[in-house]
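Taking it in order: structure first as structure tokens, then the write-up.
The values are calculated or read from the model by the stated rules, or taken from the named source; none is laboratory data. Please read these numbers as outputs of a predicted model, since none were measured by experiment. Don't worry about glycine lacking a Cβ; one is built from the backbone with ideal geometry, like all the others, and counts go over all protein chains shown. Heavy atoms of the whole protein, side chains included, go into the accessibility calculation; ligands, DNA and RNA do not. Shrake-Rupley method; radii C 1.70, N 1.55, O 1.52, S 1.80 Å.
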Amino acid sequence: MLLDIKKIFGTYDEPVTAALELDLSEEDFPGYTVPGTVEARITATLQGRMLEIALDITADVAFACARCLEERTRRFHVIKTYCVREADLSDPDAELSFTPDGKLDVRELAYTELVLEVPTVLLCSDDCAGLCPVCGNRKPCSCRHETSGSVDERLSILKQLLND
Ligand SMILES: [Zn+2]
Ligand SMILES: [Zn+2]
């Protein structure tokens, strides 16, 4: 999964495009997994002395909802662009890191961008009410009196705070 960036600097004509299928299923992600194939498209276009690299990743993220623990899969689409100068190939402080012979590890880059992009706390839906403390089922459940009881409790705490 190495893209030869150094070589692209030597060929000044057409943009270079590569479509890759990456397997990140064994990688360690914070709070989720990426079990299926990750599709990555990378385009390198030389603009004068700058090489513009566009990365486009599509990944299906598998996770358990942080509130109700239901297993879900959500598709994430990440698009990033980077500008690389030839001098960056040997610069350890450059935005992208390259192998000593000027190649870019696309798999490593896709992994890093997914870790940055995918939240570590994921919910099945934004308004997920979580699990009922009484019956253990996903809310709304039939334990209505228990639910309203806890709301009243919270309201009375709020009232006390307001009185203070
Ligand atoms: Zn949920
Ligand atoms: Zn319940």
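Just one of Thr45, Thr73, Thr17 is in the same structural domain as Leu122 (by TED's automatic domain parsing), β-branched (Val, Ile, Thr) and in contact with a Ser or Thr (Cβ under 7 Å, 6 or more places away or on another chain); which is it?
Thr17
Failed condition for Ser25, given (1) touching a residue at least 12 places away in the same chain (Cβ under 8 Å); (2) in contact with a Pro (Cβ under 8 Å, 6 or more places away or on another chain), with all others met?
(1)
Checking the condition among the hydroxyl-bearing types (Ser, Thr, Tyr), near ligand 2 (Cβ under 9 Å from one of its atoms) and either assigned to a loop (DSSP other than H, G, I, E, B) or modelled with pLDDT of 90 or more (or both), which residue from Ser125, Ser142 passes?
Exactly one residue qualifies, and that residue is Ser142.
Could you grab me the full set of residues in segment 19-78 that are out of contact with any strand residue (DSSP E or B) (no Cβ under 7 Å at 6 or more places or on another chain), aliphatic (A, V, I, L, M) and more than 16 Å from ligand 1 (Cβ to nearest atom)?
Across segment 19-78, the qualifying residue is only Leu46.
If you take the residues of segment 106-125 that are out of contact with any strand residue (DSSP E or B) (no Cβ under 8 Å at 6 or more places or on another chain) and within 16 Å of ligand 1 (Cβ to nearest atom), which of them is nearest to Cys68 (Cα to Cα)?
Leu123
Condition check ((1) over 22 Å from the mean Cα position of the chain (by Cα); (2) within 16 Å of ligand 2 (Cβ to nearest atom)) across all residues:
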site: Leu51; (1), (2): yes, no
site: Ala64; (1), (2): no, no
site: Glu70; (1), (2): no, yes
site: Arg74; (1), (2): no, no
site: Glu86; (1), (2): yes, no
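All but one of (1) at positive phi; (2) touching a Ser or Thr at 6+ places or on another chain (Cβ under 8 Å) hold for Cys135; state the number of the condition that does not hold.
(1)
Would you pick out the residues in segment 16-57 that are under 19 Å from Met1 (Cβ atoms), loosely packed, with under 14 Cβ neighbours inside 10 Å and touching a Phe, Trp or Tyr at 6+ places or on another chain (Cβ under 8 Å)?
none
Can you find a residue that is part of a helix (DSSP H, G or I) and open to solvent by 60 Å² or more (accessible area, probe 1.4 Å) anywhere in segment 91-109?
There is at least one residue in segment 91-109 that is part of a helix (DSSP H, G or I) and open to solvent by 60 Å² or more (accessible area, probe 1.4 Å).
In segment 58-90, how many are crowded, with 16+ Cβ neighbours inside 10 Å and either among the small types (Gly, Ala, Ser) or part of a loop (DSSP other than H, G, I, E, B) (or both)?
5
Any idea which of Asp91, Asp60, Asp56, Asp23 is closer than 30 Å to Lys139 by Cβ, out of contact with any Leu (no Cβ under 7 Å at 6 or more places or on another chain) and not small (Gly, Ala, Ser)?
Result: Asp60 is the single residue among Asp91, Asp60, Asp56, Asp23 that is closer than 30 Å to Lys139 by Cβ, out of contact with any Leu (no Cβ under 7 Å at 6 or more places or on another chain) and not small (Gly, Ala, Ser).
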